[in-house]
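Participant: Supplied in structure tokens, the structure appears directly below.
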Amino acid sequence: QVHLVESGGGLVQAGGSLRLSCAASGRTVSRYTMGWFRQAPGKEREFVATIRWNGDSTYYADSVKGRFTISRDNAKNTVYLQMNSLKPEDTAVYYCAAHPFPALTTESAFYDYWGQGTQVTVSS
């Protein structure tokens with residue numbers, strides 16, 4: 001069983017930055033693909049970014065490409081999402097998820113473990 005806990009969310013002005021962290025416990029996720037998703041009020045959960053188990057491959061949603069960076073530190077069992085140039089439309093609850101296979105995937109159904117989420121609010 002994998003337990004994921006997100007942190008680092010908060011309130012920031014448009015154009016600002018935040019760094020989200022996702023700490024895993026219970027089992028090492030060093031061989032797992034990890035992803036970030038988000039859900040805005042009244043909308044469905046959407047894919048944000050994913051990173052392969054060894055960090056050699058990443059993939060981003062078009063809406064965040066060039067602004068967000070996903071990374072991981074397997075020694076710390078932690079995944080990060082650096083968010084720059086934030087926009088009001090980035091406001092959402094951000095979730096970390098773990099996919100117990102090496103291939104990248106943007107499909108939430110393939111992620112077996114999820115955190116509780118952290119709120120990110122971007123004011124205009």
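Participant: Which residues, taken from segment 110-124, are of a type in the set (A, V, I, L, M, F, W, C) and touching a residue at least 12 places away in the same chain (Cβ under 8 Å)?
Facilitator: W114, V120, V122
Participant: If you don't mind, another one. Checking the structure you have, find out if any residue of segment 54-71 is over 22 Å from L11 (Cα atoms), in contact (Cβ under 8 Å) with a residue 24 or more places away in the chain and of a type in the set (F, W, Y).
Facilitator: Checking segment 54-71: at least one residue is over 22 Å from L11 (Cα atoms), in contact (Cβ under 8 Å) with a residue 24 or more places away in the chain and of a type in the set (F, W, Y).
For every residue, the table says whether it meets (1) modelled with pLDDT under 95; (2) of a type in the set (A, V, I, L, M, F, W, C).
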position: V5; (1), (2): no, yes
position: G8; (1), (2): no, no
position: G15; (1), (2): no, no
position: A40; (1), (2): no, yes
position: E44; (1), (2): no, no
position: T69; (1), (2): no, no
position: T78; (1), (2): no, no
position: P88; (1), (2): no, no
position: L104; (1), (2): yes, yes
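Participant: Please count how many residues of segment 81-121 are in a strand (DSSP E or B) and surrounded by fewer than 20 Cβ atoms within 10 Å (Cβ to Cβ).
Facilitator: Here the count works out to 6.
Participant: Could I ask something else about it? When both residues are 6+ apart or on different chains and their Cβ atoms are under 6 Å apart, which pairs have a first residue that lies in segment 83-109 and is in contact (Cβ under 8 Å) with a residue 24 or more places away in the chain, and a second that is part of a strand (DSSP E or B) and open to solvent by 60 Å² or more (accessible area, probe 1.4 Å)?
Facilitator: Here the result reads A92/Q39; V93/Q39; V93/Q119; Y95/W114; A97/W114; L104/Y59, each pair linking segment 83-109 to a residue that is part of a strand (DSSP E or B) and open to solvent by 60 Å² or more (accessible area, probe 1.4 Å).
Listed here are the residues, each with its yes/no results for (1) in contact with a Cys (Cβ under 8 Å, 6 or more places away or on another chain); (2) among the aliphatic types (A, V, I, L, M).
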site	(1), (2)
R31	no, no
Q39	no, no
E46	no, no
R52	no, no
D62	no, no
V79	yes, yes
L86	no, yes
T91	no, no
D112	no, no
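Participant: Sort out for me the strands (runs of 3 or more DSSP E) sitting completely within segment 1-80 that have 2 or more residues that are open to solvent by 20 Å² or more (accessible area, probe 1.4 Å).
Facilitator: Here the list reads 3-7, 10-13, 18-25, 46-51, 58-60, 68-73.
The values are calculated or read from the model by the stated rules, or taken from the named source; none is laboratory data. None of these values were measured; they are calculated from a predicted model. Backbone-built Cβ (ideal geometry, glycine too); neighbour counts: all protein chains shown. Calculation scope for accessible area: heavy atoms of the full protein, side chains included, ligands and nucleic acids excluded. Shrake-Rupley method; radii C 1.70, N 1.55, O 1.52, S 1.80 Å.
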